[in-house]
Amino acid sequence: MANADRDQSQFIAIMTHELRHRIAIMQMFIDLLQKHGALPAEVEQDRCIIAGQINHLSRLLNDLVDVGRLAFDKLKLRFERVESGDVIHGAVDAMQPMFARNEQRLKLKLARKEHYLKADAKAQPLLASADDS
């Protein structure tokens, strides 16, 4: 069992390294496009979409690394009392660029009564990532 865990950990480490390298290359080309000055509107729109997808891939990769670290007890969650509305508002705020890109709007109406969760600080980005998917 220890060998399987070690192999899985090594696989995740190699895979995340390779994916980060590919993401960095894509980001470099997006940055180069932006440095060339004004782009035609259609190209700029495509550049923004690609940049958003690169950011999304980076977040997913970070989540994958965190899951791997949790599985091997290399990451400890720190649970604390948080107001659910704060977590939800933060996740919705993080998704605003996606809404704008897709010409969508989200109207959020929460109960006036506060509800508390016992959660790690990663709850908000994970919620935003799940909703983005």
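The values are calculated or read from the model by the stated rules, or taken from the named source; none is laboratory data. Bear in mind that the values here come from a model prediction, so they are computed numbers and not experimental data. Heads up, the Cβs are rebuilt from the backbone with ideal geometry, glycines too, and the neighbour counts pull from every protein chain shown.
When segment 34-49 is limited to residues that are under 17 Å from ARG101 (Cβ atoms) and either surrounded by 15 or more Cβ atoms within 10 Å (Cβ to Cβ) or not aliphatic (A, V, I, L, M) (or both), the one that is farthest from the chain's Cα centre (by Cα) turns out to be GLU42.
GLN104 meets the conditions (1) at pLDDT 85 or above; (2) within 20 Å of SER58 (Cβ to Cβ) in every case but one. The failed one is (2).
Just one of (1) assigned to a strand (DSSP E or B); (2) surrounded by fewer than 10 Cβ atoms within 10 Å (Cβ to Cβ); (3) hydrophobic (A, V, I, L, M, F, W, C) fails for ALA111. It is (1).
Residues in segment 61-71 that are among the hydrophobic types (A, V, I, L, M, F, W, C) and either surrounded by 15 or more Cβ atoms within 10 Å (Cβ to Cβ) or not assigned by TED's automatic domain parsing to the domain that holds GLU18 (or both): LEU61, VAL65. The residues of segment 75-86 that are modelled with pLDDT under 80 and either assigned to a helix (DSSP H, G or I) or touching a helix residue (DSSP H, G or I) at 6+ places or on another chain (Cβ under 8 Å) (or both), listed by number, are LEU75, LEU77. Taking residues in segment 92-108 that are of a type in the set (Val, Ile, Thr), and partners anywhere that are exposed (fewer than 12 other Cβ atoms within 10 Å of the Cβ), the pairs with Cβ atoms closer than 8 Å and at least 6 places apart or on different chains are VAL92/LEU106; VAL92/LEU108. Being hydrophobic (A, V, I, L, M, F, W, C) and touching a Leu at 6+ places or on another chain (Cβ under 9 Å) narrows it down to one residue among LEU19, LEU32; which is it? Exactly one residue qualifies, and that residue is LEU19.
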